[in-house]
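The values are calculated or read from the model by the stated rules, or taken from the named source; none is laboratory data. Note that this is a predicted model, so its numbers are computed, not measured. Using ideal geometry, Cβ is built from the backbone for each residue, glycine included, and neighbour counts are taken over all protein chains shown.
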Ligand code: PMP
């Protein structure tokens, strides 16, 4: 029997290989994904994933919100909803964003299935094959996957301890313009960056907005960690001073729970309409049920106190990681995050963190190799260490094992 596509069969494990759209060529499993399977074994201390420590959220708070969602709002919670998201929740999202200095209209908030989905929608609206997205180097791995899946290229801009370097941004834009490339937007995670852990200073936020304006480049400000500061709040969001040039992405994944899958975009008014159409095309409407649960949670629970609880948990883990690094790897350099989930570690030049990973896993510790966070092969001697999920005790043990692996590599 002949079947469609049969000539390709036998050449590849996937018999439909030749039918995939060109844009899927960038959809290779990320290094982070491949790691999850190994690192989830209980004997491995995983400093690899970015999973929020949801056990710090009392389950009864969510149960109460679920019960209220059903008893008081059952028919709406179980029904399709607006493609833009529930009006009640959008009002409450404005209250959350006000904590970061952002004021906006409820009309300009679009609720999405996590901020990852908002990233996908923004990419779908703006990216044609061959376009360029500018992003920090390193940048969030799954944003890079999205941009690649729309056949766009990522141009990385160097960072230091104060975030993206404005002069590098100017130079990158000039170089790309000279090459005749189409620049679509600047993707940035200004606060407690994933993976570098650093925070963009206020002065730089202003300068980068100015550069974007001069060059007619939209800014996509991705801010999942902004409220998870350990000492003082980070500088206010870029969106707080620019309604027209910034799409802001927010999420309940880190301040509440990622399993609910609710995030949002606050877009310039003109873009908002297209975002809603793209959202409808993708999901008709974001989950009415989880939106109602979150809305009830925000209405009844002391959600600000809960965010404080999360801050305390992550601060203690950050402290444990920094102390262990200082003790075990005093010759190396790492970033000192003042919020969020991540530390970025630099190995000696001659070490390759990806090549070293199998050895680390054998020693029962996992991390994410630096190259995952670059679209251009950068980050060879870097790694991301997450302190969000393991207990302080496990973090100390993980860093001890990691130091042994690094010492062993240096002796080879
Ligand atoms: N952006 C960044 C920078 C992230 O770190 C994450 C999650 N790790 C996301 C977006 C996606 O988050 P969610 O879809 O859960 O809102």
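In contact (Cβ under 8 Å) with a residue 40 or more places away in the chain and under 30 Å from residue 174 (Cβ atoms): which single residue out of 72, 128 fits that description? Show your work before the answer.
On the way: 72 fails: under 30 Å from residue 174 (Cβ atoms).
Matching residue, one of 72, 128: 128.
Is it the case that the range 234-248 has a residue that's surrounded by fewer than 23 Cβ atoms within 10 Å (Cβ to Cβ) and closer than 27 Å to residue 333 by Cβ? Let's see the steps before the verdict.
Step one: filter the range 234-248 for residues surrounded by fewer than 23 Cβ atoms within 10 Å (Cβ to Cβ), giving 235-236, 240-245.
If we keep only those that are closer than 27 Å to residue 333 by Cβ too, we end up with 235.
Yes; the residues of the range 234-248 include at least one that is surrounded by fewer than 23 Cβ atoms within 10 Å (Cβ to Cβ) and closer than 27 Å to residue 333 by Cβ.
Evaluate the following for residue 123: is it more than 14 Å from the chain's Cα centre (by Cα), in contact (Cβ under 8 Å) with a residue 24 or more places away in the chain, over 19 Å from residue 278 (Cβ atoms) and assigned to a helix (DSSP H, G or I)?
no
Considering only residues that are more than 16 Å from the ligand (Cβ to nearest atom), touching a helix residue (DSSP H, G or I) at 6+ places or on another chain (Cβ under 7 Å) and over 12 Å from residue 102 (Cβ atoms), which ones fall in the range 233-254?
Matches in the range 233-254: 235, 245.
Evaluate the following for residue 160: is it more than 15 Å from the ligand (Cβ to nearest atom) and either within 22 Å of residue 373 (Cβ to Cβ) or surrounded by 21 or more Cβ atoms within 10 Å (Cβ to Cβ) (or both)?
Numbers: more than 15 Å from the ligand (Cβ to nearest atom): yes; either within 22 Å of residue 373 (Cβ to Cβ) or surrounded by 21 or more Cβ atoms within 10 Å (Cβ to Cβ) (or both): yes.
Against the criterion (more than 15 Å from the ligand (Cβ to nearest atom) and either within 22 Å of residue 373 (Cβ to Cβ) or surrounded by 21 or more Cβ atoms within 10 Å (Cβ to Cβ) (or both)), residue 160 qualifies.
Go through (1) surrounded by fewer than 24 Cβ atoms within 10 Å (Cβ to Cβ); (2) within 15 Å of the ligand (Cβ to nearest atom) and name the single condition residue 218 misses.
(2)
Just checking, which of 155, 135, 118, 143 is within 14 Å of the ligand (Cβ to nearest atom) and assigned to a strand (DSSP E or B)? Outline the logic, then answer.
Working: 155 fails: within 14 Å of the ligand (Cβ to nearest atom); 118 fails: assigned to a strand (DSSP E or B); 143 fails: assigned to a strand (DSSP E or B).
Result of the check over 155, 135, 118, 143: 135.
Quick test of your reading of the structure: residue 96 fulfils all but one of (1) part of a helix (DSSP H, G or I); (2) in contact (Cβ under 8 Å) with a residue 24 or more places away in the chain; (3) more than 16 Å from the ligand (Cβ to nearest atom). Name the failing condition by number.
(3)
Test residue 168 against the stated conditions and say whether it is at pLDDT 95 or above, surrounded by 16 or more Cβ atoms within 10 Å (Cβ to Cβ), under 30 Å from residue 23 (Cα atoms) and out of contact with any helix residue (DSSP H, G or I) (no Cβ under 8 Å at 6 or more places or on another chain). I'd like the intermediate steps shown before the answer.
Values: at pLDDT 95 or above: yes; surrounded by 16 or more Cβ atoms within 10 Å (Cβ to Cβ): yes; under 30 Å from residue 23 (Cα atoms): yes; out of contact with any helix residue (DSSP H, G or I) (no Cβ under 8 Å at 6 or more places or on another chain): yes.
So residue 168 passes the test.
Checking residue 192 against (1) surrounded by 21 or more Cβ atoms within 10 Å (Cβ to Cβ); (2) under 22 Å from residue 138 (Cβ atoms); (3) away from the ligand (no atom under 13 Å from the Cβ): exactly one of these is not met. Which one?
Result: residue 192 passes all but (3).
Go through (1) touching a strand residue (DSSP E or B) at 6+ places or on another chain (Cβ under 7 Å); (2) modelled with pLDDT under 95; (3) outside any loop (DSSP other than H, G, I, E, B) and name the single condition residue 359 misses.
(1)
Only one residue in 185, 230 is within 15 Å of the ligand (Cβ to nearest atom) and touching a residue at least 12 places away in the same chain (Cβ under 8 Å). Which one? Explain how you work it out, then say what you get.
Numbers: 230 fails: within 15 Å of the ligand (Cβ to nearest atom).
None of the other options fit; the residue is 185.
Within the range 285-304, can one find any residue that is closer than 19 Å to residue 48 by Cα and either buried (at least 24 other Cβ atoms within 10 Å of the Cβ) or within 16 Å of the ligand (Cβ to nearest atom) (or both)? It would help to see each step written out before you state the result.
Quick first cut of the range 285-304, residues closer than 19 Å to residue 48 by Cα only: none.
No, the range 285-304 contains no residue that is closer than 19 Å to residue 48 by Cα and either buried (at least 24 other Cβ atoms within 10 Å of the Cβ) or within 16 Å of the ligand (Cβ to nearest atom) (or both).
One line per residue, one yes/no per condition, for (1) in a helix (DSSP H, G or I); (2) over 12 Å from residue 138 (Cβ atoms); (3) at pLDDT below 95:
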| residue | (1), (2), (3) |
| --- | --- |
| 372 | yes, no, yes |
| 384 | no, no, no |
| 390 | no, yes, no |
| 394 | yes, yes, no |
| 398 | yes, yes, no |
| 403 | yes, yes, no |
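If residue 296 meets every condition in (1) under 23 Å from residue 192 (Cβ atoms); (2) touching a residue at least 40 places away in the same chain (Cβ under 8 Å) apart from one, which number is that one?
The one condition residue 296 does not meet is (1).
Within the group 79, 84, which residue is more than 15 Å from the ligand (Cβ to nearest atom), part of a loop (DSSP other than H, G, I, E, B), buried (at least 21 other Cβ atoms within 10 Å of the Cβ) and at pLDDT 95 or above? First the steps, then the outcome.
Numbers: 79 fails: buried (at least 21 other Cβ atoms within 10 Å of the Cβ).
Among 79, 84, only 84 is more than 15 Å from the ligand (Cβ to nearest atom), part of a loop (DSSP other than H, G, I, E, B), buried (at least 21 other Cβ atoms within 10 Å of the Cβ) and at pLDDT 95 or above.
Out of the residues in the range 99-115 that are more than 16 Å from the ligand (Cβ to nearest atom) and in a helix (DSSP H, G or I), state the one that is surrounded by the most Cβ atoms within 10 Å (Cβ to Cβ). Write out each step before concluding.
Here is the first cut: in the range 99-115, the ones more than 16 Å from the ligand (Cβ to nearest atom) are 99, 101-108.
Add one more test, that the residue is in a helix (DSSP H, G or I), and what stays is 106-108.
Working: 106: 15, 107: 12, 108: 22.
Ranking the qualifying residues of the range 99-115, first place goes to 108.
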